[in-house]
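Reading through the structure tokens given below for one structure.
Just so it is clear, none of the values below were taken in a lab; they were calculated from the coordinates. Given the structure is predicted, the values throughout are model-derived calculations rather than measurements. Every residue, glycine as well, gets a Cβ built from its backbone with ideal geometry; the counts of neighbours run over all protein chains shown.
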Amino acid sequence: MFEWTEFKIWTLWGPESLKQTGNFLASFFPPNISTDFLVQVARETWRTVAMATVGITLAIVLAVPLAFLAVRVLSLSALTGRMQVLPSAIREIVRAILIILRSVPELIWALIFVRVVGLGPTSGVLAIALTYAGMLGKVYAEILESGDPSNSQALMRNGAGRLQTLFYALLPQNADELTSYTIYRWECAIRSSAVLGFVGAGGLGQMMDSSLKMFNGSEVLTILIVFLLLVWCSDMVSAWLRKFLS
Amino acid sequence: MKPIAQTGIRPKAIFFLLACCALIIASFASLNLQFAAFFDPGTLRKMGLFIAELTQPNWSGVFWLKLLPAALETLAMSALGTLIAFVLGLALAIPASKSSPARFSLIRSSARWVLSALRSVPELMWAALLLISAGLGPMSGTLALALHTTGVLGRMFAEALENAPKDNEFALSVRGVSRSKIFFFVQVPQIAPQLVSYTLYRWENNIRAATVLGIVGAGGLGQMLSYYLSLFKMSETSSILLVMIGLVLLVDMFSAKIRRMLA
């Protein structure tokens, strides 16, 4: 294992590497806090958050219909005995789609989209939308199925359509779990969009990537600190929101 | 079930919805989104060609000679990174847990702060930062995974140490057994199954991370993927993607089996 990963950690302390690392680390201090740069960083931070928000919104738009199609609770044919073959097959196909969407790493989606659409936030937004649609869809389906079925059963047995049952029984019943998970995923999306910047999707990641390539340590340190603050803030906002809504 | 107070909920919910809408509209407006570019006929044709090529993976022997070492490299990266993180995480969890006898709470807060910082920086960011000192190749990937996972595991281990039942520990310490002996003979065995189980779960996550770390130059399948994708060689790309999925499934199965054996 050590051999395979070329894990020669002692080379980190070899003379050239040490001098290079030392120089690089020394260039980190002092962090670049010039006003121009800070304004740029603030703009990129907003871009990162905006990318995450747009991505999650699109993901919700995709995930809700998919979850709706995948839940077994809304099965009309299951009201009277076992679910029939066609509805069951449709549900399995939708679940498979959700698994595929969820399993492809978003970085790979972003890589492909950057080559198709070009650099910029569009590719990042689409990558987040697709991956998070898979995650949100699966968890929405699980949440909708885990609630007490008597409400939705009562509505469906009395002739309500599936869509009506969704809006009048399932969603209100599980609204707080659904929102809580969505807020948590929004926070994850912020971190993802920073990472996606490294392949050209814009935001803090792209800024850090270009500063690293130019060996501009002071800029890198500022961006890193701002990123940590962003993660910390969004963590607090997310926790507060979830408490506020419960 | 207590009925929800109707008077308090409505204004809160409306305020939340309005704030969300404002954030969403502001986000859409401020980004220069170009979905039109996506649906432009030239782009669609290009994507069609990509997808067609993607369905014909390259399984030639020559390519396998490149795929296999890269896959092993990725696997080793994830395994070694997780292993290092287990050791370092445990080491940092001792001062970080509330039940530790650290005389100064400064040590505890700084340990917790270090773990939090390690955990907040995503693996890819660590890899990009480490490329300067560790160079291109799998070592930066391994270190990046190790650092991030140390934060995750360290936090989890600290909580496990805090939540473990204290009776045995108390009985021995009342008798005067030294703290380090107590740690190794009581606390560690008590939480060991939890630790190993969670570490294996993180390994599953790390194999996925290791496959993509290569995209910034940290070696393994990711580096190959980035190379072939930049040359638009979609059939090689699709075989790399399939090997990635296979590797992830393999590690998932292996990890699940061991965790079931432990439970």
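Comparing A:Ala50, A:Ala160, A:Ala129, which has the greatest mean-square fluctuation in the GNM of chain A with Cα pairs linked when under 10 Å apart?
Ranking A:Ala50, A:Ala160, A:Ala129 by mean-square fluctuation puts A:Ala160 first.
Determine the sum of side-chain charges near B:Leu229: Lys and Arg each +1, Asp and Glu each -1, restricted to other residues whose C-beta is under 10 angstrom from that of B:Leu229.
After counting each charged neighbour, the total is +1.
In the Gaussian network model of chain B, springs joining C-alpha atoms below 10 Å, which of B:Val62, B:Val174, B:Val216 carries the largest mean-square fluctuation?
Its mean-square fluctuation being the largest, the pick is B:Val174.
Residue separation times 0.36 nm, minus the C-alpha to C-alpha distance between B:Glu159 and B:Ala22: what's the value?
45.5 nm
Each label point is 7 Å from the Cα along the Cα-to-Cβ direction; what then is the distance between the points at B:Leu83 and B:Lys12, in nm?
According to this spin-label approximation, the distance is 5.0 nm.
Could you derive backbone 3J(HN,Hα) for segment A:177-186 from the dihedral phi with the Karplus parameters 6.51, -1.76 and 1.60 (θ = phi - 60°), listing whole Hz in sequence and x where the residue is Gly or Pro?
5, 4, 5, 4, 5, 5, 5, 4, 6, 4
What shape does chain B take by its C-alpha gyration tensor, where a ≥ b ≥ c are the square roots of the eigenvalues and a/c under 1.5 counts as rounded, a/b above b/c as prolate, and the rest as oblate?
oblate
Which whole DSSP H helices in chain B pass both tests: a Cα extent of 18 Å or more along the axis and a mean Kyte-Doolittle value no lower than 0.0? Let's see the in-between values first.
Values: long enough: B:6-30 (36 Å, 1.42); B:41-54 (19 Å, 0.53); B:61-96 (52 Å, 1.73); B:105-120 (22 Å, 0.33); B:138-163 (37 Å, 0.50); B:188-213 (35 Å, 0.12); B:234-262 (42 Å, 1.27).
Helices passing the filter in chain B: B:6-30, B:41-54, B:61-96, B:105-120, B:138-163, B:188-213, B:234-262.
Under the rule of -39500 (n - 2.57) per DSSP H run of 4 or more residues, summed and divided by the residues of chain B, what mean residue ellipticity at 222 nm is obtained, to the nearest 500 deg cm²/dmol?
Taking each H run of at least 4 residues, the total per residue is -27000 deg cm²/dmol.
Restricting the calculation to Cα positions, tell me the Rg (one decimal) and the Dmax (whole number) of the protein assembly as shown in Å.
24.9, 80
With the convex hull built on the Cα atoms of segment A:33-245, state its orientation-averaged projected area in nm².
That works out to 13.4 nm², a quarter of the Cα hull's surface.
Give me the distance in nm between label points sitting 7 Å out from Cα along the Cα-to-Cβ direction at B:Phe183 and B:Asp252, one decimal.
Inter-label distance under the simple model: 3.7 nm.
What percent do you get for the relative contact order of chain A when only Cα pairs under 8 Å and 6+ apart count?
Across chain A, relative contact order equals 29 percent.
Which pairs, out of A:Lys243/B:Lys181; A:Lys213/B:Lys233; A:Lys138/A:Lys213; A:Lys138/A:Lys243; A:Lys19/B:Lys181; B:Lys233/B:Lys257, put more than 32 Å between their alpha-carbon atoms?
In this structure, A:Lys243/B:Lys181; A:Lys138/A:Lys213; A:Lys19/B:Lys181; B:Lys233/B:Lys257 exceed 32 Å between Cα atoms.
Net charge around A:Ala67, counting only other residues with Cβ within less than 12 Å of its Cβ (Lys, Arg = +1; Asp, Glu = -1)? Let's see the in-between values first.
Values: positive: A:Arg72, A:Arg91, A:Arg95, A:Lys138; negative: A:Glu142, A:Glu145.
Result for the neighbourhood of A:Ala67: +2.
Within a 10 angstrom radius of each residue's Cβ in B:128-134, how many Cβ atoms of other chains show up on average? Whole number is fine.
The shielding value for this peptide is 6.
Net charge within 12 Å of B:Leu147 by Cβ-Cβ distance, Lys/Arg positive one each and Asp/Glu negative one each, not counting B:Leu147 itself?
0
Under a point spin-label approximation (7 Å from Cα along Cα-to-Cβ), what is the A:Leu163-A:Met214 distance to one decimal in nm?
In this crude label model, A:Leu163 to A:Met214 measures out at 5.3 nm.
Computed FRET efficiency, Cβ-Cβ of B:Leu136 and A:Ser150, R0 51 Å: what is it to the nearest 0.05?
0.30
Say we join alpha carbon atoms closer than 10 Å with springs in a Gaussian network model of chain B; which of B:Thr142, B:Thr43, B:Thr199 then has the biggest fluctuation?
Among B:Thr142, B:Thr43, B:Thr199, the largest mean-square fluctuation in the Gaussian network model of chain B belongs to B:Thr43.
Which of B:Thr149, B:Met47, A:Thr45 sits closest to the plus end of the dipole of the protein assembly as shown, meaning its Cα is farthest towards the positive end, when Lys and Arg get +1 and Asp and Glu get -1 on the C-beta?
The residue sitting most towards the positive pole is B:Thr149.
Could you tell me the relative contact order of chain B? Use alpha-carbon pairs under 8 Å, at least six residues apart, and round to a whole percent. Show your work: numbers first, answer last.
Numbers: 286 pairs, mean separation 67.0, N = 263.
Relative contact order for chain B comes out at 25 percent.
Can you give the FRET efficiency for A:Val237 and A:Ile33, using 1/(1 + (r/R0)^6), R0 = 25 Å, r = Cβ-Cβ distance, to the nearest 0.05?
Working: r = 24 Å, r/R0 = 0.98.
My answer for the efficiency is 0.55.
Under a straight-distance cross-link criterion of Cα-Cα below 16 Å, which aspartates and glutamates are reachable from B:Lys12, leaving out those fewer than 8 residues away in the same chain?
A:Asp176
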